[in-house]
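Below is one structure, written out as structure tokens, with a few remarks after it.
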Amino acid sequence: MKKVIVIGAGPAGISASYMLSKNNVKVEIFEASPYVGGMSRSFNLWGQTVDLGPHRFFSKEPKVNQFFNEVLKDDYTNVSRLTRIYYNKRFFDYPLKLFNVFKNLSISTIVSVLYYYIKQQIIPIKNPRSFEDWVTNRFGKKLYGIFFKNYTEKLWGIPGSKIDADWAAQRIKGLSLIEAVINSIRGNKNNKHKTLVDQFKYPNGGTGSLYNKALEHIESHGGVIYMEQPISKLIINNNVCKGVVTKDGEEHYADYVISSMPITKLIKGIDITPKDILDTAKKLYFRNTILVYLEINDEHLFDDNWIYIHAPNVKHGRITNFRNWAPSLNKDKKSTILCMEFWAFDNDDIWKAEDEYLASIAEQELKEIKLISADEKIENVQVKRVPKCYPVYETGYKEHLQIIENYLNSIDNLIPIGRYGAFKYNNQDHSILMGILAGENICYNSNINLWDINTDTDYQEDGEVKDVLIQ
Ligand SMILES: Cc1cc2nc3c(=O)[nH]c(=O)nc-3n(C[C@H](O)[C@H](O)[C@H](O)COP(=O)(O)OP(=O)(O)OC[C@H]3O[C@@H](n4cnc5c(N)ncnc54)[C@H](O)[C@@H]3O)c2cc1C
């Protein structure tokens, strides 16, 4: 019987373990935190269930949907998606709808949008390398400024001209202004573009319940999980990975190690890593998220699942309303829990700020954009910090990542997967797919290149668009 060690109990690690345990492989999972589900976990807050930010699940890949259906059976709700963009003190439907845009923009802005769009189609930027170039080519300079620049730069913390075009290609692939306009008139028939999908499946127990239930299956098939056991080193002999060392110095051996821990830490945990590889790994970096949850004694604040905030005068970038997901989340409570997202690097003041300070800016900004009235009372506030959740696709990152990939590929029986595990801007579905395919590579001796998932779209979504343009 083969034995596999899995580092991390997020979607990637759990789906890999699920697949392996189904195929009679012995699995040992080591999870650094006290929780299962990673960034996709759910938790109890003031008697209700919430996720770490909004977690919409969507995939067209049969293997991913099979995992979802097998684990949850029918314990999910189909949620109708409503999301809007807040820009210039107005709310725009998202996906954009023609008449709604016309209603909300002035005539002079509409003329300017059309002018820059046509100009760009006649004289496009050659070889667009950055997010700004890519989106400008596709939508024109004016629309880039209205619906992309502010939100994207807040999220990534670097100018749009320094974000790799890869990110735009990955997130918006195939969607053009013309198509967005046609869709707004005809509707998104057959869900052709994931960008425009208007319904999604949501687990009744919160996103994280998918992974908790999958763990039950893993354990019932002999799998074992060790919680609060961060892995700090890998055991490598003659370029073959033989096992892991926990932070407490305990050694564990296996035939394969699947890792979903941050790739930068993985590299550091391999004693034989040459200095030039360590230096290259330092060039890959992450962005953190701060989530501020607020409880308000009101059952109906607004209808959206989440709202993108395109406004330079406030620091946050997105607001989720958990009351509008599945009714099972709020457990008959009469209050609403909102979650505001701020983004930061490790050294930013806001990342190091006290919770009280973050709570006060959140309340102030929420009132500034008038999502709640100035005299509305905030009953409770809680702050959560999610480190390393966005691998930053700065222009040039691909060359660095390629060097790291080549190095890790030279070590046998070590399989890096996942969002920070493989430095891919994964959603849950991509991490699940990586996990399942990592398991298949081991069980069936197949040789699927996991690094391609989420960059080579064809495998998972029949060559169709990857995901929402602003997730
Ligand atoms: C605010 C926000 C909103 C999001 N919205 C969506 C959405 O709408 N839809 C969607 O599909 N996805 C969404 N995502 C993305 C989704 O959360 C991730 O794609 C998914 O959780 C990635 O799974 P993973 O297993 O690759 O990584 P993770 O979820 O990060 O799991 C990795 C696990 O490894 C553990 N670990 C780390 N280091 C070690 C170590 N040294 N030893 C042992 N264990 C370790 C961690 O504790 C963690 O449990 C969102 C993410 C965020 C932050």
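The values are calculated or read from the model by the stated rules, or taken from the named source; none is laboratory data. No experiment lies behind these values; they were computed from the predicted model shown. All Cβ positions, glycine included, derive from the backbone under ideal geometry; neighbour counts span all protein chains shown. Surface accessibility is based on the protein's heavy atoms, side chains included, excluding ligands, DNA and RNA. Shrake-Rupley method; radii C 1.70, N 1.55, O 1.52, S 1.80 Å.
Couple of notes before you dig in:
- Percent carbon-and-sulfur accessible area, the chain, ignoring ligands, DNA and RNA, probe 1.4 Å: 49 percent
- Nonlocal amide H pairs with residue 390, under 5 Å, H built at 1.01 Å: 287
- Restricting the GluC sites (Glu not before Pro) of the range 214-320 to loop positions (DSSP other than H, G, I, E, B) with no more than 13 neighbouring Cβ atoms within 10 Å leaves 228, 250, 299.
- Applying Stokes-Einstein at 37 °C and 0.692 mPa s to the Kirkwood radius of the chain, computed over alpha-carbon pairs, gives a translational diffusion coefficient of 141 µm² s⁻¹.
- The chain - share of DSSP beta bridges that are antiparallel (%, nearest 5): 70 percent
- When you filter the trypsin sites (Lys or Arg not before Pro) in the range 336-445 for DSSP loop state and at most 15 other Cβ atoms inside 10 Å of their Cβ, you are left with 370, 377.
- Selection from 131, 206, 291, by position along the positive dipole direction of the chain (Cβ): 131
- Taken about its Cα centre, the range 286-391 carries a charge dipole of roughly 380 debye when the Cβ of each Lys and Arg holds +1 and the Cβ of each Asp and Glu holds -1.
- Listed pairs 126/154; 242/268; 73/424; 247/275; 3/73 exceeding 20 Å between Cα atoms: 126/154; 73/424; 247/275; 3/73
- Computed from backbone phi, the HN-Hα couplings of the range 426-443 come to 6, 8, 3, 4, 5, 5, 4, 4, 4, x, 4, 6, 4, x, 5, 4, 6, 6 Hz, rounded to whole numbers (Karplus: 6.51 cos²θ - 1.76 cosθ + 1.60, θ = phi - 60°; Gly and Pro given as x).
- Whole-number D in µm² s⁻¹ for the range 262-360, Kirkwood Cα-pair radius fed into Stokes-Einstein, 37 °C, 0.692 mPa s: 198 µm²/s
- Estimated 222 nm signal from helices in the chain, with DSSP H stretches of n ≥ 4 weighted -39500 (n - 2.57), rounded to 500: -10000 deg cm²/dmol
- Estimated dipole of the chain in Debye, rounded to 20 [Cβ of Lys and Arg +1, of Asp and Glu -1, Cα centre]: 1320 debye
- Debye equation applied to the C-alpha atoms of the range 328-372, log10 I(q)/I(0) at 0.16, 0.34 Å⁻¹: -0.59, -1.20
- Farthest toward positive dipole pole in the chain [+1 Lys/Arg, -1 Asp/Glu at C-beta], among 259, 87, 403: 87
- Couplings 3J(HN,Hα) for the range 264-271, derived from phi with the Karplus relation 6.51 cos²θ - 1.76 cosθ + 1.60 (θ = phi - 60°), are 5, 6, 4, 4, 5, x, 9, 4 Hz, where x marks Gly and Pro.
- Computed with a 1.4 Å probe over protein heavy atoms only, the accessible area of residue 356 comes to about 130 Å².
- When the charge dipole of the range 286-391 is built from unit charges on Cβ atoms (+1 for Lys and Arg, -1 for Asp and Glu) and taken about the Cα centre, the candidate among 330, 358, 389 whose Cα reaches farthest toward its positive end is 389.
- Number of Lys pairs (Cα under 20 Å; 8 or more positions apart or on different chains) in the range 286-391: 10
- Interchain or long-range residues, amide H under 5 Å from residue 225's placed H: 29
- For the range 276-317 versus the range 21-75, the gap between their alpha-carbon centres in whole angstrom: 21 Å
- Under 5 Å, built H, 5+ apart or other chain: amide partners of residue 240: 412
- Rg over Rh [alpha-carbon atoms, Kirkwood Rh] for the range 349-443: 1.19
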